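Visitor: Dropping a structure here in structure tokens format, bear with me for questions.
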Amino acid sequence: MIEIEGVSRRFGDTLAVDDVSLRVEAGTVTALVGASGSGKSTLLRMINRLIEPSAGTVRIDGRDAASVPGEALRRGIGYVIQGYGLFPHWTVSRNVATVPALLGWDRARIARRVDELLRLFDLDPDVYAAKLPHELSGGQQQRVGVARALAAEPKLLLMDEPFGALDPLIRAKAQDDLVALQRRLGITVVLVTHDMEEAIRLGHRIGVMERGRLLQYAPPAELLARPAPGYVERLMGGADRPFQLLSLLTVADARDDGPADVGADVAPVPETLDLRDALGLLLWRGVDSLPVVAADGAPRGRLTLSAVLRRAGRPA
Amino acid sequence: MTASGAAAGRVPRARFPGFDRVGVVPAALAALALALPLVTFKPNRIAAGRGVAFWAALPPAAAAAGGLLLLLIGLAACLRVAPASRLGLALVALAALAGLVGLAPGAVALPGMPYARVSFAAGFWTLLLAFGIMAADGSARLALRPGPRVLLLGAVLLALAGLFASGWWNGLSILKEYAAHRDGFWAEAVTHGGLAFGSLFAALLVGLPLGVACARMPRLRGAALPALNVIQTIPSIAMYGLMMVPLGLLAGAVPFLGALGIRGIGAAPAGLALFLYALLPVVANTAVGLDGVPRDAVEAARGMGMGGARRLRAVELPLAAPVILTGVRIVLVQNIGLVTVAALIGGGGFGTFVFQGTSQAAIDLVLLGAVPTVVLAFTAAVLLDAAAEAAGRTPA
Ligand SMILES: Nc1ncnc2c1ncn2[C@@H]1O[C@H](COP(=O)(O)OP(=O)(O)O)[C@@H](O)[C@H]1O
Ligand SMILES: [Mg+2]
């Protein structure tokens, strides 16, 4: 758990972060969104003390971060940046081993951990361990960056626009992988992005920042339903708001037990699919309802167009 | 081949390599050189010499065969031959030239003239230049990797050593000077190397930390680099002169230093001057090399809890190494040349022969000082180029 209380940071005349307080629950993903220069990175970097706050306190699991030496603190927190910052003169495996080596793990343990991580990130050690970063694709470099950040098994992962340099297809895959990884490891993630769609997709909670201030800090559904007046409202008020809302729900949230009035040859939708994609299927096939199945293929009633549309409007 | 030629079908034709414009330079030089005197004949060491043409300086058969070989290789330089052949042919020509010129003393001087001197003349130097250019051109086009380049250099140096050891050139004037100064030669060689490398070492000791500090502190950089730049602009003779005064005073005031050999003249002021010259390339290249380290890498290193010293050693310096080594190369080549001038203030080194030769009007003695200096500088340049390239290519 991270508790940020009344934190500010001043650079000369600019107040980069202005009296921000927020709480990140353990095991959740928090996304910080805002325009460029709004202070997201500065706030993030005050968590691992790459930047010292001018005022306020940051507590990690109840302990004041300022009471821990900066380097020791950072070795215990994963950190991923937009350009990944892989060391170009080190092999993939040596890059991944950076923090364990700093922590003085013995060779065998480091080797085991590197091997395990490369496999976890779908990078065959026999092929990739000895490669240099420039020999990898952008997506592979990104994965090495995350693997390196997780090498010493931190409970907290800070990510500053980690998908910013990826093209859309690979980015979507990388986002899905992060969600799966976070669930599997149960880690706490704080992620900076300027892309609201990414924030909605990944964040359990979203913090919207503007000119150093945290304007609203809420779960995505609440942010969409009840945006704070002013900047957040304008930011969330795009024409695609209904679709954002639908993307937060799954077929399971809207299905009923009635019969689907389509031929038996129509492919069913899985109940884990998000409603935005389900709406796409309904529209594309030109039907009013589709059969629903569970992950194991068992029938789960139907999904009707009207049930989807009811959930796309402004919540009561 | 033109498109229409290809369309017209295959006309059987002798395959003749095309014309290469860059190759014209060495070819023209080689042709010109054969018309110049190959060697100079002097009845004694300091007498006025008489140029002897290529065909007259060699036994007739050697002159004919050698001249033909050199001309043919010069001609080949004008054609579009493969880079490896270009380099290989140039090396063959250089070897032939070295062999041929060794025959000149026997052909030119009479056995009854013990003081006669046969030395290199314009024709020899021009041929050396011509095929040197051709070799450099070929090796540049071949784009050899650092390892093979160093091996090639080693082979050439070994061949040179073999040539001297064989005694084939013993009749030539420069080797007669060597024979007369044999002990001094190696002592000066040690002094020369000691001054060049010692001042480089001292400059690294001071310059690397200073360069790191400059990269970290823009204010310091703004003061230090212009100051070092000014030092670079002081002519070397003036610099040596400047060093003499304070060191002379220092030695007078502190007898202990004088006892250590630190005096206004000699190796101490020379070393100090070289050290000062060496600082700018080391400091500037260290700072520039560190500037070039990817920011993301430094940010990531910090973010993972890598301390300042470790970051510098494990990330920043290795990534800056190619640029720093380029600075070291500049310093070493510059130092090897500047040490020559140090002989003026009694610093020793190969310059001793240059200045002695100048004062005695003995051009062969000048060469005895100049040629090893050039070979040393060339060797240093090739080695450090290769090191810089290797540091940039295959990371640790
Ligand atoms: N090291 C720094 N020195 C001076 N100003 C800075 C520094 N870092 C950030 N700033 C300023 O603080 C503000 C917030 O920057 P940042 O946190 O990087 O924003 P974001 O990540 O949201 O784009 C900007 O106005 C930026 O110029
Ligand atoms: Mg930022």
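The values are calculated or read from the model by the stated rules, or taken from the named source; none is laboratory data. As the structure is a computational prediction, the values presented were derived from the model and not from experiment. As a convention, Cβ positions derive from the backbone with ideal geometry for all residues, glycine included, and neighbour counts pool all protein chains shown. Please note that ligands, DNA and RNA were not included when accessible areas were found on the heavy atoms of the full protein model with its side chains. Shrake-Rupley method; radii C 1.70, N 1.55, O 1.52, S 1.80 Å.
Visitor: Could you check what % of the DSSP bridge pairs in chain A are antiparallel, to the nearest 5?
Guide: Values: 25 of 47 bridges.
Of the beta bridges lying entirely in chain A, close to 55 percent run antiparallel.
Visitor: What average count of beta carbons from other chains do you get within 10 Å of the Cβ of residues in A:96-103?
Guide: Numbers: counts 0, 0, 7, 3, 0, 3, 7, 1.
Per-residue shielding by partner chains comes out at 3.
Visitor: Highest mean first, what order results for B:53-62, B:324-333 on Cβ atoms within 10 Å?
Guide: Values: B:53-62: 17.0, B:324-333: 22.6.
Taking the mean over residues of other Cβ atoms within 10 Å, the ranking is B:324-333, B:53-62.
Visitor: Hey, another quick one. First check a/c for the range A:126-206, with a ≥ b ≥ c the square roots of the eigenvalues of its C-alpha gyration tensor; if it is under 1.5, answer rounded, and if not, answer prolate when a/b is larger than b/c or oblate otherwise. Numbers along the way, then the final one.
Guide: Working: a/c = 2.13, a/b = 1.33, b/c = 1.60.
Here the range A:126-206 falls in the oblate category.
Visitor: Can you give me the long-range amide H partners of A:Leu215? Hydrogens built in the peptide plane at 1.01 Å from N, cutoff under 5 Å, separation of 5 or more residues or another chain.
Guide: A:Val208, A:Met209, A:Glu210
Visitor: Going highest first, how would you order B:339-346, B:150-157 by mean Cβ packing within 10 Å? If you can, show how the numbers build up before the last one.
Guide: Details: B:339-346: 23.1, B:150-157: 15.0.
Packing order, densest peptide first, comes out as B:339-346, B:150-157.
Visitor: Also, I was wondering about something else. What order do A:His134, A:His204 take when sorted by accessible area (1.4 Å probe), most exposed first? Intermediate results must be reported in sequence, preceding the final value.
Guide: Values: A:His134 140, A:His204 90 Å².
The most accessible residue leads, giving A:His134, A:His204.
Visitor: Applying 1/(1 + (r/R0)^6) with R0 = 60 Å to the Cβ-Cβ distance of B:Ala53 and A:His194, what FRET efficiency is obtained, to the nearest 0.05?
Guide: Details: r = 80 Å, r/R0 = 1.33.
Working from the Cβ atoms, E equals 0.15.
Visitor: Now a separate question. Let me check something: with ligands and nucleic acids excluded, how do B:Arg145, A:Arg74 order by accessible area (1.4 Å probe), largest to smallest? Working shown, then result.
Guide: On the way: B:Arg145 135, A:Arg74 25 Å².
Of B:Arg145, A:Arg74, the descending order of accessible area is B:Arg145, A:Arg74.
Visitor: Just to be sure I understand: with springs between alpha-carbon atoms less than 10 Å apart, which residue in B:Val293, B:Val254, B:Val39 has the highest mean-square fluctuation in the Gaussian network model of chain B?
Guide: B:Val254
Visitor: Which is farthest toward the positive dipole end of the protein assembly as shown among B:Ile324, B:Pro255, B:Leu152, measuring Cα position about the Cα centre, with Cβ charges +1 (Lys, Arg) and -1 (Asp, Glu)?
Guide: B:Pro255
Visitor: Relative contact order, percent, of chain B when contacts are C-alpha pairs under 8 Å separated by at least 6 residues?
Guide: Details: 547 pairs, mean separation 62.1, N = 396.
That works out to 16 percent.
Visitor: Taking the alpha-carbon distance from A:Lys40 and a cut-off under 30 Å, which lysines remain once sequence neighbours fewer than 8 residues away in the same chain are dropped?
Guide: Partners found: A:Lys155, A:Lys173.
Visitor: Contact order normalised by length for the range B:182-392, with contacts defined as Cα pairs under 8 Å and 6 or more residues apart; what percent is it? Don't skip to the answer; put the middle values down first.
Guide: Numbers: 285 pairs, mean separation 53.8, N = 211.
For the range B:182-392, the relative contact order is 26 percent.
Visitor: Would you calculate the separation in nanometres between label points at B:Ala227 and B:Phe355, each defined as 7 Å from the Cα along the Cα-to-beta-carbon direction?
Guide: Going from the B:Ala227 label point to the B:Phe355 one covers 3.0 nm.
Visitor: Round to the nearest 0.05 the FRET efficiency obtained for B:Ala65 and B:Ser166 when R0 = 25 Å and r is the Cβ-Cβ distance.
Guide: On the way: r = 20 Å, r/R0 = 0.81.
That gives a FRET efficiency of 0.80.
Visitor: Just counting partner chain Cβ atoms within 10 Å, what average do the residues of peptide B:287-300 show around their Cβ? Could you put the intermediate results ahead of the total?
Guide: Numbers: counts 0, 0, 0, 0, 0, 0, 2, 5, 3, 9, 10, 2, 8, 13.
Taking the mean over all residues of the peptide, I get 4.
Visitor: Take the Cα of A:Trp284, step 7 Å along the line toward its Cβ, and report every residue of the range A:171-211 whose backbone nitrogen sits under 18 Å from that point.
Guide: Only A:172-173 pass the distance filter.
Visitor: Take the alpha carbon gyration tensor of chain A, find the square roots of its eigenvalues, order them as a ≥ b ≥ c, and report rounded if a/c is under 1.5; if not, report prolate when a/b exceeds b/c, else oblate. Could the numbers behind the result be given before it?
Guide: Working: a/c = 2.36, a/b = 1.36, b/c = 1.74.
Since a/c reaches 1.5 but b/c is at least a/b, the shape of chain A is classed as oblate.
Visitor: Here's a follow-up. Would any residue of the range B:301-317 have its amide N under 19 Å from a label point 7 Å out along Cα→Cβ of B:Leu220? List them or say none.
Guide: Of the residues in the range B:301-317, B:307-317 have backbone N under 19 Å from the label point off B:Leu220.
Visitor: For A:Lys131, list long-range residues whose amide hydrogen, built 1.01 Å from N in the peptide plane, is under 5 Å from its own amide hydrogen.
Guide: Counting only residues 5 or more places away or on other chains, the set is A:Val92, A:Ser93.
Visitor: Same structure again: Please give the average number of partner chain Cβ atoms lying within 10 Å of the Cβ of each residue in A:81-87, rounded to a whole number. Can you show the working numbers first?
Guide: On the way: counts 5, 2, 6, 3, 12, 4, 12.
Per residue, the average neighbour count from other chains is 6.
Visitor: Cα gyration tensor of chain B, axes a ≥ b ≥ c as square roots of the eigenvalues: rounded (a/c below 1.5), prolate (a/b > b/c) or oblate? Please list the in-between numbers first.
Guide: On the way: a/c = 2.90, a/b = 1.23, b/c = 2.36.
Verdict is oblate for chain B.
Visitor: Find out how many positive minus negative residues lie around A:Pro268, taking Lys and Arg as positive, Asp and Glu as negative, among other residues whose Cβ is under 13 Å from that of A:Pro268.
Guide: +1
Visitor: Accessible surface of A:Phe11 in the full protein assembly, 1.4 angstrom probe, to the nearest 10 Å²?
Guide: Rounded to the nearest 10, that gives 90 Å².
Visitor: May I pose another question? Just add up the charged neighbours of A:Met1: K/R +1, D/E -1, any other residue whose Cβ is under 9 Å from the Cβ of A:Met1.
Guide: Working: positive: A:Arg23, A:Arg59; negative: A:Glu3, A:Glu25, A:Asp61.
Taking every other residue near A:Met1 into account, the sum is -1.
Visitor: May I pose another question? Can you list the HN-Hα couplings for the range B:371-378, worked out from phi with the Karplus curve (6.51, -1.76, 1.60; θ = phi - 60°), rounded to whole Hz and with x for Gly and Pro?
Guide: 4, x, 4, 5, 4, 4, 5, 5
Visitor: At 0.36 nm per residue, and after removing the present C-alpha to C-alpha distance, how many nm does the segment from A:Ala180 to A:Asp296 gain when stretched out fully? Don't jump to the answer; show the numbers that get you there.
Guide: On the way: separation 116, 0.36 × 116 = 41.76 nm, distance 1.93 nm.
Full extension of this stretch gives 39.8 nm more.
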